[in-house]
1. Any chance the stretch A:12-34 includes a residue that's over 17 Å from residue A:81 (Cα atoms), part of a strand (DSSP E or B), out of contact with any helix residue (DSSP H, G or I) (no Cβ under 6 Å at 6 or more places or on another chain) and modelled with pLDDT of 95 or more?
2. For the stretch A:20-30: of the residues being surrounded by fewer than 18 Cβ atoms within 10 Å (Cβ to Cβ) and touching a residue at least 24 places away in the same chain (Cβ under 8 Å), which is nearest to residue A:114 (Cα to Cα)?
3. So, in the stretch A:76-119, exactly how many residues are more than 14 Å from chain B (Cβ to nearest Cβ) and either in contact with a Cys (Cβ under 6 Å, 6 or more places away or on another chain) or surrounded by fewer than 22 Cβ atoms within 10 Å (Cβ to Cβ) (or both)?
4. For the stretch B:1-26, how many residues are surrounded by 12 or more Cβ atoms within 10 Å (Cβ to Cβ), over 29 Å from residue A:123 (Cα atoms) and not β-branched (Val, Ile, Thr)?
5. Could you say which residue among A:47, A:57, A:68 is within 17 Å of residue A:105 (Cα to Cα) and at pLDDT 95 or above?
6. Do we find that residue B:3 is at pLDDT 95 or above and under 26 Å from residue A:112 (Cβ atoms) in this structure?
7. Being closer than 30 Å to residue A:8 by Cα, surrounded by 14 or more Cβ atoms within 10 Å (Cβ to Cβ) and either at pLDDT below 95 or of a type in the set (Ser, Thr, Tyr) (or both): is that true of residue B:29 here?
8. Which strands (runs of 3 or more DSSP E) does the stretch A:35-107 wholly contain that include 2 or more residues that are in contact (Cβ under 8 Å) with a residue 60 or more places away in the chain?
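The values are calculated or read from the model by the stated rules, or taken from the named source; none is laboratory data. All figures in this text were calculated on a predicted structure; none of them were measured in a lab. Don't worry about glycine lacking a Cβ; one is built from the backbone with ideal geometry, like all the others, and counts go over all protein chains shown.
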Amino acid sequence: MIDIKLSPETLNLESCNVFVADPAAGAIVNFIGTVRNETKKQKVLRLEFEAYEKMALSEMKKIANQALEKFDIKKIALHHRTGVLDISEIPVIISVSSAHRKAAFLACEFIIDTLKQSVPIWKKEFLENGEYWVSATP
Amino acid sequence: MEIELLAFGIAKDIFGNGIQKITVTYKCSIKDLKQELISKYPKFQDLASFAIAVNSEYQADDFVLSVKDEIAIIPPVSGG
């Protein structure tokens, strides 16, 4: 029902979609996070993601299980990258299958919103004037 | 008692290390640990917030630590 992955390798959308495919599904919704080239009007050079792997995997699994309880969906793939990512690379893929599209859209949004609040993964931005851990200080 | 802390993100930068040993009182709670951290490493006060995870689960301020626990400092997360 759920496929959770944390990897230093390039994420693969196709493998997420193969995992969530289901004969009873009428929709697969994908959320793909991509590295943007600017933040607060400053040029971003690259990002680096660090994870507390054991806990990140267990928190990701919790979120996926919550989504399965909350929404009428079939399967979830939730993959997150670690390491250094260049502009346009993919830090996160969420694929959700469901009988009807609405539930999969809502589940994708719930999963990414919750992941950003609770999964112990940290993003460092490399800007032209230095490097900063995102959200670390007020 | 001496406990070992795992540190990530900005917490790792504050320690200069991903693992830091620290001496705390017996039956130290998470609240006590946070106060101890702020007094030994004042830069923790500059963070937007920080949580403590014990054996890979977030725990509240009244949770009492034991030397056998895997204790991690979780500064504000920013995945996705």
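1. no
2. Across the stretch A:20-30, the extreme among qualifying residues is A:30.
3. Within the stretch A:76-119, the subset more than 14 Å from chain B (Cβ to nearest Cβ) is A:76-77, A:84, A:86-88, A:95-107.
Next, only the ones that are either in contact with a Cys (Cβ under 6 Å, 6 or more places away or on another chain) or surrounded by fewer than 22 Cβ atoms within 10 Å (Cβ to Cβ) (or both) stay: A:77, A:84, A:86-88, A:95-96, A:99-103, A:105-106.
Number of matching residues: 14.
4. The qualifying residues number 1.
5. Values: A:47 fails: within 17 Å of residue A:105 (Cα to Cα); A:57 fails: within 17 Å of residue A:105 (Cα to Cα).
It is A:68.
6. So residue B:3 does not fit the description; no.
7. Details: closer than 30 Å to residue A:8 by Cα: no; surrounded by 14 or more Cβ atoms within 10 Å (Cβ to Cβ): yes; either at pLDDT below 95 or of a type in the set (Ser, Thr, Tyr) (or both): yes.
Judged against the criteria, residue B:29 is not a match.
8. Working: elements: A:42-51, A:75-81, A:83-86, A:92-98.
Here the list reads A:42-51, A:75-81, A:92-98.
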